[in-house]
Amino acid sequence: MPVLNFKEIPEAHISTGLQDTFELFARDFLEHLGYIITSGPNRGQDGGKDVIVNEIRKGIGGESEIKWLVSCKHKAHSGSSVGVNDEIDIPGRVQANGCNGFIGFYSTLPSSGSNLGTVYLIQGQFRDGAIWGQPQ
């Protein structure tokens, strides 16, 4: 039995006043993991970003900061996977929002035919791509 039942989170496409709950959960979850929230969820046209977070990486070679664009997709109620048509032009959205990488935060799995696990080359710098989603 999973620890989280994403169906307990209200649907995002129904205006009940709680339609932002999944994005707020994503923000809080990422903050709990140690990401720094620089832009939280907003209503209306968001330019393909739901949250923007910063990550400070420290290592032998010094310290670096990665600015992540987070896209939230809550499809647990329908059970549909997140497909190619759900995430349009990820590299363009990352660049337009001044970010270095992409995190997909999903309540279901990405579709097997999508490119959502791809690592992207953004602004000439190698950056990671990550998908957070419901395990099989």
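The values are calculated or read from the model by the stated rules, or taken from the named source; none is laboratory data. Nothing here was measured: the structure is a model prediction, and the numbers come from that model. FYI the Cβ positions are ideal-geometry reconstructions off the backbone, even for glycines, and counts take in every protein chain you see.
Looking at (1) at pLDDT 85 or above; (2) farther than 26 Å from His13 by Cα; (3) more than 14 Å from the chain's Cα centre (by Cα), which is the only condition His77 fails?
That leaves (2) as the condition not met.
Could you tell me how many of the residues in region 1-27 are of a type in the set (D, E, K, R) and over 12 Å from the mean Cα position of the chain (by Cα)? Before you say what the answer is, go through the steps one by one.
Here is the first cut: in region 1-27, the ones of a type in the set (D, E, K, R) are 7-8, 11, 20, 23, 27.
If we keep only those that are over 12 Å from the mean Cα position of the chain (by Cα) as well, we get 7-8, 11, 20.
Here the count works out to 4.
Filtering region 85-136 down to residues that are more than 19 Å from Ile56 (Cβ to Cβ), among the hydrophobic types (A, V, I, L, M, F, W, C) and surrounded by fewer than 12 Cβ atoms within 10 Å (Cβ to Cβ), which residue is modelled with the lowest pLDDT?
Leu121
Residue check: is His32 closer than 29 Å to Gly17 by Cα, surrounded by fewer than 17 Cβ atoms within 10 Å (Cβ to Cβ) and either among the aromatic types (Phe, Trp, Tyr) or free of Cβ contacts under 8 Å to residues at least 12 places away in the same chain (or both)?
Values: closer than 29 Å to Gly17 by Cα: yes; surrounded by fewer than 17 Cβ atoms within 10 Å (Cβ to Cβ): yes; either among the aromatic types (Phe, Trp, Tyr) or free of Cβ contacts under 8 Å to residues at least 12 places away in the same chain (or both): yes.
Yes: the conditions hold for His32.
Among the residues of region 17-44, how many are touching a Cys at 6+ places or on another chain (Cβ under 7 Å) and of a type in the set (D, E, K, R)?
Initially, region 17-44 is screened for residues touching a Cys at 6+ places or on another chain (Cβ under 7 Å), giving 22-23, 26.
Narrowing further to those that are of a type in the set (D, E, K, R): 23.
Qualifying residue count for the region: 1.
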